[in-house]
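Just below is one structure, and these are the notes that go with it.
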Amino acid sequence: MEDISTRLENVCVGIAGAGGLGSNAAMALIRAGVQNIIIADYDRVERSNLNRQYFFIDQVGMLKVEALKMNALRVNPDCNITTHCVKVTPDNAVTLFSGCDVIIEAFDQADQKIMLIETLIEKLPNIPIIIGSGMGGWGKSNKIKCKQVGNTILCGDFETEADSANPPLAPRVGIVANMQANETLRLMIEHNLKNG
């Protein structure tokens, strides 16, 4: 375990979005031993986020990136969390995430997801992207899975989008976020073991 822990200390993970997927994936990675995370999001914590995002009632109104950094440092005060309070765009995505070993896509909106994926595939093709898709509602946990296509990994059921009939709730959002974190660890540990 010590060898794996040492390897994870040197990994840098980028997280685009600090909501349900991003906040939960970040905390799972910090607890697993990842110490370098870059998080970009421009939003603030709202009371309605608390049903699925890794924030607390006294953080309502805070910038999500700052609240998430605060929570991560409570778990591991030695971790290095770099925050960017910006909207991720095709113009800044490369600057934000070019130094990462893996990038987790954690946006709510489909158009933002597509923009990020297309930008990263075109401009940073060697960095794996882990995407969340299909996590609305409840139940059907056995339908949630991971699928790898080239340097891209999709986590979710790929069909149950969040809407008023299938709201994003903590259990399924948490499962997908933890799968994204788990796939990040798999890529980094297996890659490092092969090359170490």
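Some values worked out for this structure:
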quantity: Condition met for A32 (under 21 Å from C100 (Cβ atoms), within 12 Å of the chain's Cα centre (by Cα) and not hydroxyl-bearing (S, T, Y)); calculated: no
quantity: The one condition in (1) at pLDDT 95 or above; (2) farther than 16 Å from M27 by Cα; (3) of a type in the set (A, V, I, L, M); (4) touching a strand residue (DSSP E or B) at 6+ places or on another chain (Cβ under 7 Å) that M135 fails to fulfil; calculated: (1)
quantity: Residue within segment 53-72 that is out of contact with any Ser or Thr (no Cβ under 6 Å at 6 or more places or on another chain), surrounded by fewer than 16 Cβ atoms within 10 Å (Cβ to Cβ) and of a type in the set (S, T, N, Q) present; calculated: no
quantity: Test: residue in segment 117-132 that is modelled with pLDDT of 95 or more, over 14 Å from the mean Cα position of the chain (by Cα), farther than 30 Å from T6 by Cβ and not in a helix (DSSP H, G or I); calculated: no
quantity: Pairs where the first residue, in segment 157-168, is without any contact (Cβ under 8 Å) to a residue 40 or more places away in the chain and hydroxyl-bearing (S, T, Y) and the second is part of a loop (DSSP other than H, G, I, E, B) and surrounded by 15 or more Cβ atoms within 10 Å (Cβ to Cβ), C-beta under 9 Å, 6+ apart; calculated: T160/G134; T160/M135; T160/G136; T160/G137; T160/N166
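Yes/no per residue for (1) assigned to a helix (DSSP H, G or I); (2) at pLDDT below 85; (3) closer than 20 Å to A18 by Cβ:
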| residue | (1), (2), (3) |
| --- | --- |
| E159 | no, yes, no |
| P168 | no, yes, yes |
| P171 | yes, no, yes |
| I175 | yes, no, yes |
| M179 | yes, no, yes |
| L185 | yes, no, yes |
| K194 | yes, yes, no |
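The values are calculated or read from the model by the stated rules, or taken from the named source; none is laboratory data. Everything numeric here is computed off the predicted structure, so don't read it as measured data. Glycine gets a Cβ as well: all are built from the backbone with ideal geometry, and neighbour counts include every protein chain shown.
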